[in-house]
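**Student:** Mind having a look at this structure? Questions to follow.
The values are calculated or read from the model by the stated rules, or taken from the named source; none is laboratory data. Not measured: the values here are computed from a predicted model. For neighbour counting, all protein chains shown are included, and Cβ atoms are generated from backbone atoms with ideal geometry for every residue, glycine included. Side chains are part of the model used for accessible areas, which takes the heavy atoms of the whole protein and leaves out ligands, DNA and RNA. Shrake-Rupley method; radii C 1.70, N 1.55, O 1.52, S 1.80 Å.
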Amino acid sequence: MSFLKKHLLHLLFDKSKKVPFDPSKIKKMLILRNDRIGDMIVSTPLLRELRNAYPDLQIDVAASSVNETVIRACPHVSNILIWDRGNGLDTLKIVLGIRRQRYDVIFSTSNIFSIPWLARLKLLGAKHLIGFNIKKYGTGTHRLGMYDYTVDCNRDRHILESYFSALKNFGLKEANPRYELFGVEQLPAGPRDFLAELKRRHKGIVCFNYQGSMANRTISSDDAVALCRALADKYRDRAVLVIHPPGDRARAEGIVAAVQRDNVQLSFATSSILELAALIEQCELVISPDTAVIHLASAYNKKVLGFYINTDNHRWFYPMCDHFRIVLSKTEHIGAIDQQASLHAFDELMAC
């Protein structure tokens, strides 16, 4: 079966004629980033470095309706195309609409290897296609003629290094890996006013996030209560601010009520990722599972205590900030958090 799939892949996705790659002739480029919020934040250095190297290049991004807010005000992006992944006629219309744009280069940041996804990439019709080398069925994307260049999906280094390696033909050297956010300063003053009041009463603010990007990356309510209580008791001059995603305020209220400490408080109810960024910008340290909150904190170079499940994500998506500590679970589920190890890591960060 793998033998047949291998030959089918090459029959469908090879390309008979290729245009020689010449960066000086590239006018329009599309980056496919239609996935999660954290992935878009991590990609912002790539957008900035491309813009700095090629001021006249049209840099478009295919974003999802979930993550487009991150780059809505980004000055490095020329156009944002909304592409929510799915099946059926709507997806075909989006793909054909992109095809009509006649992009010189498309960079696929996805590590998906499936015939439907490869078919969509080919149908996009770019002169040059760049992506990750994903191996399957005895072959890999590096052997499919539709790709002009692929880079190994090396999970032993930060994902940004792989992004920049994929675009090495653009000569991006000594790139700055710092994330960027735009549009936060134009938001209403609600989050900032809320934090200004906290700062008048406390020496600093610690942001505590329990919600992960998936159920197995979420800190349990019991662990959240225990950690918040321990931090509140040891650092009485700090406010511990419990943040929560929209629609989950009741759980956050329950955690704060169970802690029973005056310096543990419920966050301002944010309605967008940029409002959440406005809160994080004013905090000195952020505690969070592996999710977009860690990347928001990295954008402002905050100290980060991150809880990661036992996969390679702690090497691929570690916090891109100067001071961070990682508490790694023994399994692929955040559970039974080692409170002593967590407090020790927190103490180290506070001493930085």
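**Student:** Go through the stretch 146-159 residue by residue and turn each phi into a ³J(HN,Hα) via Karplus (6.51, -1.76, 1.60, θ = phi - 60°); whole Hz please, and just put x for glycine and proline.
**Tutor:** These are the phi-based 3J(HN,Hα) values: 5, 8, 8, 7, 10, 10, 4, 7, 7, 8, 9, 9, 4, 4 Hz.
**Student:** Sequence-distant or interchain residues sharing an amide H contact under 5 Å with PHE324, placed H: which?
**Tutor:** Placed amide hydrogens put VAL304 under 5 Å from PHE324.
**Student:** Using 0.36 nm times the number of residues separating ASN169 and ASP152, minus their current alpha carbon distance, what extension gain do you get?
**Tutor:** This chain segment gains 4.6 nm when fully extended.
**Student:** Among the aspartates and glutamates, select those whose C-alpha is under 20 Å from the C-alpha of LYS27, and discard any that sit fewer than 8 residues away in the same chain.
**Tutor:** Candidates past the 8-residue exclusion: GLU49, ASP56, ASP60, ASP104, ASP148.
**Student:** In this model, which of LYS25/LYS168; LYS28/LYS93; LYS18/LYS135; LYS25/LYS135; LYS93/LYS122 are farther than 24 Å apart at the alpha-carbon?
**Tutor:** Exceeds cut-off: LYS25/LYS135.
**Student:** Right, next: For LEU81, what residues show an amide H to amide H distance below 5 Å, using hydrogens built from the backbone and excluding near sequence neighbours?
**Tutor:** VAL61, ALA62, ALA63
**Student:** Which of ILE106, ALA345, VAL77 sits farthest toward the positive end of the charge dipole of the chain, with +1 on the Cβ of Lys and Arg and -1 on the Cβ of Asp and Glu?
**Tutor:** ILE106
**Student:** With θ set to phi - 60° and the Karplus curve 6.51 cos²θ - 1.76 cosθ + 1.60, what are the ³J(HN,Hα) couplings of the stretch 118-129 in order, to the nearest whole Hz, using x for Gly and Pro?
**Tutor:** 4, 4, 5, 4, 5, 5, 4, x, 6, 5, 10, 10
**Student:** With θ set to phi - 60° and the Karplus curve 6.51 cos²θ - 1.76 cosθ + 1.60, what are the ³J(HN,Hα) couplings of the stretch 32-43 in order, to the nearest whole Hz, using x for Gly and Pro?
**Tutor:** After applying 6.51 cos²θ - 1.76 cosθ + 1.60, I find 8, 9, 8, 9, 9, 4, x, 4, 5, 4, 5, 7 Hz.
**Student:** If the chain between ASP84 and LYS25 were fully stretched, how many nm would it gain, using 0.36 nm times the residue separation less the Cα-Cα distance?
**Tutor:** Here the segment from ASP84 to LYS25 would lengthen by 18.2 nm.
**Student:** May I pose another question? Taking the structure as given and computing P(r) over Cα pairs in 20 Å bins from 0, in percent, which label from [x] 26, 44, 26, 5; [y] 28, 52, 19, 1; [z] 29, 60, 11, 0 fits?
**Tutor:** Checking each listed value against the structure points to [y].
**Student:** Roughly how big is the chain's charge dipole about its Cα centre, with Cβ charges of +1 (Lys, Arg) and -1 (Asp, Glu), in debye to the nearest 20?
**Tutor:** 1340 debye
**Student:** Let me ask you something else. Excluding ligands, DNA and RNA, what is the solvent-accessible area per residue of the stretch 103-144 at a probe of 1.4 Å, expressed in Å²?
**Tutor:** 34 Å²
**Student:** Around GLU180, which amide H atoms from residues at least 5 apart in sequence, or from another chain, sit under 5 Å from its own amide H, with H modelled in the peptide plane?
**Tutor:** Counting only residues 5 or more places away or on other chains, the set is THR44.
**Student:** Something else now. At a 1.4 Å probe radius, carbon and sulfur cover how many percent of the accessible area of the chain?
**Tutor:** Carbon and sulfur: 51 percent of the exposed surface of the chain.
**Student:** What 222 nm value per residue comes from the helices of the chain, counting each DSSP H run with n ≥ 4 as -39,500 (n - 2.57) and dividing by all residues, nearest 500 deg cm²/dmol?
**Tutor:** The helix contribution divided over the chain gives -11000 deg cm²/dmol.
**Student:** Cβ neighbours within 10 Å, averaged per peptide: list 86-94, 64-72 in order, most packed at the top.
**Tutor:** Put in order of decreasing packing, that is 64-72, 86-94.
**Student:** Using the heavy atoms of the protein chains and a 1.4 angstrom probe, tell me the accessible area per residue for the stretch 220-329 in square angstrom.
**Tutor:** Accessible area per residue, the stretch 220-329: 36 Å².
**Student:** When we measure straight from the Cα of LYS302, which aspartates and glutamates land under 17 angstrom away, once same-chain ones fewer than 8 places off are left out?
**Tutor:** GLU180, GLU275, GLU281, GLU284, ASP290, ASP322, ASP347, GLU348
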